[in-house]
Amino acid sequence: MPEARNSSWRPRKRQEGEPVKIVLLTGYLGAGKTTLLNHILSNDEGIRAAVIVNDIGEVNVDASLVKDGGLSQTDDLVPLTNGCICCTLSEDLARQLGSIADSGDFDYIIIEASGICEPIPIAYTISAFCDQSRTAGKPSLSLDNIVAVVDCRRMLDEFDGGRSLLAKDLDEDDIESLLIQQIEFCSTLVLNKCDLVTPPEIAEVRALVRGLQRDAVVVEAENGNVDMAELLDTGRFDFDAAYNSAAWIDAMEHPEEHEDPEVLEYDIATFVYKRRKPFDVDRFSSFVATWPDSVIRTKGMLWADQDPDMCYLFEQAGSQARLVENGLFAASAPEDELRRLLRESPELLDDWDPVLGDRMTKLCVIGRHMDREALERGLDACLVEWDGPDSEFE
């Protein structure tokens with residue numbers, strides 16, 4: 001398990017040819033991102049940082065808070081408002097990133113994302129700009145660290161008995177989904193406001209986090225006070241590694257190896273539900289609507305009787321669920337095309353059925369105090385017999 005770094009770190013001035021390093025701060029509204037940002041800016045270690053704040057709304061409240069925190073003459077604040085940096089403001093963000101890199105005045109760029117933005121699209125957008133900067137012959141950029149800030153008190157409230165702290169502009173579904181996505185996709189996870197919870201509760205939060213995220217460095221903090229070594233010049237972020245650090249992916253690939261004693265102690269469990277029969281989507285949708293609060297996260301491939309050639313992606317976070325098309329099953333291809341697919345992706349044969357091919361449902365379920373047997377019985381009741389092709393593929 002990754003460990004926190006020691007406190008001997010000192011800011012290193014960027015050398016010629018080295019990239020300007022980007023730190024992306026994510027976390028739900030009120031988790032303490034701005035407090036953490038002010039902590040970085042108020043340090044006395046000579047950090048040369050530019051700041052980009054993305055706040056969706058007519059009034060950029062976070063930008064004013066950052067200003068109150070005291071930017072030095074070597075810092076620069078770029079407020080981005082009325083849009084998300086991964087979509088409507090992508091060109092604006094690219095221009096600002098390029099301008100900061102071209103100036104040569106900064107070693108770091110700190111981006112505070114809006115609390116209601118999903119992290120993966122933002123990281124993808126920033127990573128794309130970084131790749132472009134390296135090929136354009138201009139001063140380059142590098143996404144060095146994604147720091148997710150979690151309010152420990154809220155984390156316990158959201159996933160302990162259904163007690164919810166709701167914002168005026170978001171419902172419970174959005175809050176739970178955002179919390180889970182931000183925890184799953186990061187390289188450093190700050191458990192903030194530890195002074196508001198007891199040591200046993202901190203251990204409980206750690207277990208909840210590890211039930212969702214296996215690889216990120218976890219750091220405890222009060223009032224956003226985090227050692228600079230955990231935030232800047234870490235070299236921790238890699239897009240593919242971050243994407244694959246979600247615990248559900250590990251469970252799908254290694255179902256017998258993913259149990260963590262720290263997680264098991266708090267009755268946080270993971271299981272993979274795998275069946276070679278299709279679901280009746282209407283029955284499945286009705287059953288999902290009755291899922292208990294104990295099911296925190298579910299994700300994976302789903303085979304639907306109503307469209308047996310299509311592989312669907314099912315995703316549930318908290319009480320928010322969605323089912324989307326994810327491409328055709330290889331087994332549905334004409335024979336010549338199928339042979340080509342199997343040559344190009346021989347790993348398909350690792351889980352290939354002689355009649356059904358790769359058609360299956362395979363869902364990773366993560367929860368707390370779950371009744372696995374009851375959930376499996378409910379899912380099994382949604383299955384139907386398939387009367388499709390009965391010829392074996394040679």
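The values are calculated or read from the model by the stated rules, or taken from the named source; none is laboratory data. Fair warning: this is a prediction, and the values are worked out from it, not measured in the lab. Backbone-built Cβ (ideal geometry, glycine too); neighbour counts: all protein chains shown. What goes into the accessible areas is simple: the full protein's heavy atoms, side chains included, and nothing from ligands, DNA or RNA. Shrake-Rupley method; radii C 1.70, N 1.55, O 1.52, S 1.80 Å.
Tally time: how many residues in the range 350-375 are open to solvent by 20 Å² or more (accessible area, probe 1.4 Å) and polar (S, T, N, Q)?
Residues meeting the conditions: 0.
Which ranges mark the strands (runs of 3 or more DSSP E) fully within the range 274-349 that have 3 or more residues being open to solvent by 40 Å² or more (accessible area, probe 1.4 Å)?
Values: elements: 295-303, 310-317, 320-328.
Correct list: 320-328.
Which condition breaks for residue 209 when tested against (1) at pLDDT 90 or above; (2) under 22 Å from residue 296 (Cβ atoms)?
With respect to (1) at pLDDT 90 or above; (2) under 22 Å from residue 296 (Cβ atoms), residue 209 is out only on (1).
Out of curiosity, is residue 359 in a loop (DSSP other than H, G, I, E, B) and of a type in the set (Lys, Arg)? Give the derivation first.
Working: in a loop (DSSP other than H, G, I, E, B): yes; of a type in the set (Lys, Arg): yes.
Yes.
Determine if the range 264-273 includes at least one residue that is touching an Asp or Glu at 6+ places or on another chain (Cβ under 7 Å), crowded, with 17+ Cβ neighbours inside 10 Å and closer than 20 Å to residue 357 by Cα. Steps first, please.
Going through the range 264-273, the residues touching an Asp or Glu at 6+ places or on another chain (Cβ under 7 Å) turn out to be 266, 273.
Restricting the remaining residues to those that are crowded, with 17+ Cβ neighbours inside 10 Å gives 266.
With closer than 20 Å to residue 357 by Cα added as a condition, the list becomes none.
Within the range 264-273, not a single residue is touching an Asp or Glu at 6+ places or on another chain (Cβ under 7 Å), crowded, with 17+ Cβ neighbours inside 10 Å and closer than 20 Å to residue 357 by Cα.
Just checking, does the range 110-132 include any residue being part of a loop (DSSP other than H, G, I, E, B), in contact with a strand residue (DSSP E or B) (Cβ under 9 Å, 6 or more places away or on another chain) and modelled with pLDDT under 60?
No: the range 110-132 contains no residue that is part of a loop (DSSP other than H, G, I, E, B), in contact with a strand residue (DSSP E or B) (Cβ under 9 Å, 6 or more places away or on another chain) and modelled with pLDDT under 60.
Just to check your reading of the model, which residue among 220, 230 is open to solvent by less than 20 Å² (accessible area, probe 1.4 Å), more than 11 Å from the chain's Cα centre (by Cα) and either closer than 25 Å to residue 39 by Cβ or at pLDDT below 90 (or both)?
Values: 220 fails: open to solvent by less than 20 Å² (accessible area, probe 1.4 Å).
Residue meeting the stated conditions: 230.
Would you say residue 390 is of a type in the set (Asp, Glu), at pLDDT 90 or above and out of contact with any helix residue (DSSP H, G or I) (no Cβ under 7 Å at 6 or more places or on another chain)? Working first, answer last.
Details: of a type in the set (Asp, Glu): yes; at pLDDT 90 or above: no; out of contact with any helix residue (DSSP H, G or I) (no Cβ under 7 Å at 6 or more places or on another chain): yes.
It is false that residue 390 is of a type in the set (Asp, Glu), at pLDDT 90 or above and out of contact with any helix residue (DSSP H, G or I) (no Cβ under 7 Å at 6 or more places or on another chain).
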